[in-house]
Amino acid sequence: MHLGRIGSLSTLSLKQPGWPFGSVMPYGLDGQGRPLFLISTMAMHTKNLLADARASLLVMQPDISGDPLGASRVTVMGTVGRVPKPDQEEVRGIYLARFDNAAYWADFGDFGFYRMEVVDVYYVGGFGVMGWVTTGDYAQAAVDPLADEAPGIIRKMNAAPETLLVLAKAQGHAEAEEARMTAVDRLGFHLRLKAGERVQGCRIAFHRPLREPRDVTAAFEDLLKSARG
């Protein structure tokens, strides 16, 4: 959610009751991880929300390479309503800091800031890695210290697939023929493994949690040392 800027907002259609209606949706995030939107009352998704506030926002991992089903994504479900006046200045600042071009239409009469009150969260980390996240855990979560550097780390590691294979096989995946990193965080990383026609996910933990991006190189060196005995 921190790295993403645009998601797919699903609302309940006013024209076709009971049917989902999808929209491309830029979003901001407040301190509790609640998605923030700047939308017009003329837009169909806003009309839908004014009739039924229930919605979901799907956000995909940025910089996806390879099979998109092996990438991380999250669906945030909740109710969307207009931001109360006491909160509007803060929300405006958060949103325009991310989308400064939106300042042009932020003051148009039909536009307004809306916020999603999160009801549930479903996370998929890749093949075989998925689960529900409580609203409490989501609201209290902090941005991972590797988040901003993760795309570069992933690109670098995927340029050395033989290293990933060594690590995968050390975790018991001896049959793996191909390995590709799909996500990394302070606790470890996800691999997408292929053996013949079979594809599966694998999670490998670092020996200790990382505090900052510069710890990554040493963490992988420690894992390789253990893997090679």
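Taking the conditions (1) in contact with a helix residue (DSSP H, G or I) (Cβ under 6 Å, 6 or more places away or on another chain); (2) assigned to a strand (DSSP E or B); (3) assigned by TED's automatic domain parsing to the domain that holds residue 57 in turn, residue 181 satisfies each one other than (3). Mind listing whichever residues of the stretch 31-47 are modelled with pLDDT of 95 or more, over 15 Å from the mean Cα position of the chain (by Cα) and not in a strand (DSSP E or B)? Of everything in the stretch 31-47, those that are modelled with pLDDT of 95 or more, over 15 Å from the mean Cα position of the chain (by Cα) and not in a strand (DSSP E or B) turn out to be 41, 42, 43, 44, 45, 46, 47.
Within the stretch 38-69, being in contact with a Ser or Thr (Cβ under 9 Å, 6 or more places away or on another chain) and under 13 Å from residue 115 (Cα atoms) holds for 39, 46, 49, 50, 53, 54, 55, 56, 57.
Can you find a residue in the stretch 157-168 that is at pLDDT 85 or above and in a strand (DSSP E or B)? No, there is no match, as no residue in the stretch 157-168 is at pLDDT 85 or above and in a strand (DSSP E or B).
Pull up the stretch 155-171, narrow it to residues that are small (Gly, Ala, Ser) and closer than 15 Å to residue 188 by Cβ, then point me to the one that is surrounded by the fewest Cβ atoms within 10 Å (Cβ to Cβ).
In this case the residue turns out to be 170.
Which of the residues spanning the stretch 181-191 are closer than 20 Å to residue 159 by Cα and either touching a Cys at 6+ places or on another chain (Cβ under 6 Å) or surrounded by fewer than 21 Cβ atoms within 10 Å (Cβ to Cβ) (or both)? Hits for the stretch 181-191 are 185, 188, 191. Among the residues of the stretch 211-229 satisfying the criterion of being surrounded by 12 or more Cβ atoms within 10 Å (Cβ to Cβ) and touching a residue at least 12 places away in the same chain (Cβ under 8 Å), which is farthest from the chain's Cα centre (by Cα)? Top of the filtered list is 227. Can you tell me how many residues within the stretch 48-93 are among the β-branched types (Val, Ile, Thr), part of a helix (DSSP H, G or I) and at pLDDT below 95? The qualifying residues number 0.
Among what's in the stretch 195-226 and is of a type in the set (Lys, Arg) and at pLDDT 90 or above, pick the residue that is nearest to residue 161 (Cα to Cα). Write out each step before concluding.
As a first pass, look at the stretch 195-226 and keep what is of a type in the set (Lys, Arg): 198, 203, 208, 211, 214, 225.
Subsequent filtering for residues that are at pLDDT 90 or above retains 208, 211, 214, 225.
On the way: 208: 23, 211: 25, 214: 21, 225: 17 Å.
Within the stretch 195-226, the match that is nearest to residue 161 (Cα to Cα) is 225.
Do we find a residue being touching a residue at least 60 places away in the same chain (Cβ under 8 Å), surrounded by 15 or more Cβ atoms within 10 Å (Cβ to Cβ) and assigned to a strand (DSSP E or B) anywhere in the stretch 136-144? Within the stretch 136-144, none of the residues are touching a residue at least 60 places away in the same chain (Cβ under 8 Å), surrounded by 15 or more Cβ atoms within 10 Å (Cβ to Cβ) and assigned to a strand (DSSP E or B).
Across the stretch 103-122, what is the number of residues that are closer than 24 Å to residue 42 by Cα and either crowded, with 16+ Cβ neighbours inside 10 Å or among the basic types (Lys, Arg) (or both)?
So the count comes out to 6.
Look through the stretch 94-135, keep the residues that are of a type in the set (Asp, Glu) and assigned to a loop (DSSP other than H, G, I, E, B), and return whichever of them is modelled with the highest pLDDT. Only one residue fits best here, namely 110. Comparison of 211, 203 shows that the only residue that is touching a strand residue (DSSP E or B) at 6+ places or on another chain (Cβ under 9 Å) and among the basic types (Lys, Arg) is 203. Looking at the stretch 16-41, I want the residues that are not assigned by TED's automatic domain parsing to the domain that holds residue 113 and have a partner that is surrounded by fewer than 20 Cβ atoms within 10 Å (Cβ to Cβ) with Cβ atoms under 7 Å, at least 6 apart or on another chain. Which pairs are those? From the stretch 16-41, no pairs qualify.
The values are calculated or read from the model by the stated rules, or taken from the named source; none is laboratory data. What you see is a predicted model; the values in this text were computed from it and never measured. FYI the Cβ positions are ideal-geometry reconstructions off the backbone, even for glycines, and counts take in every protein chain you see.
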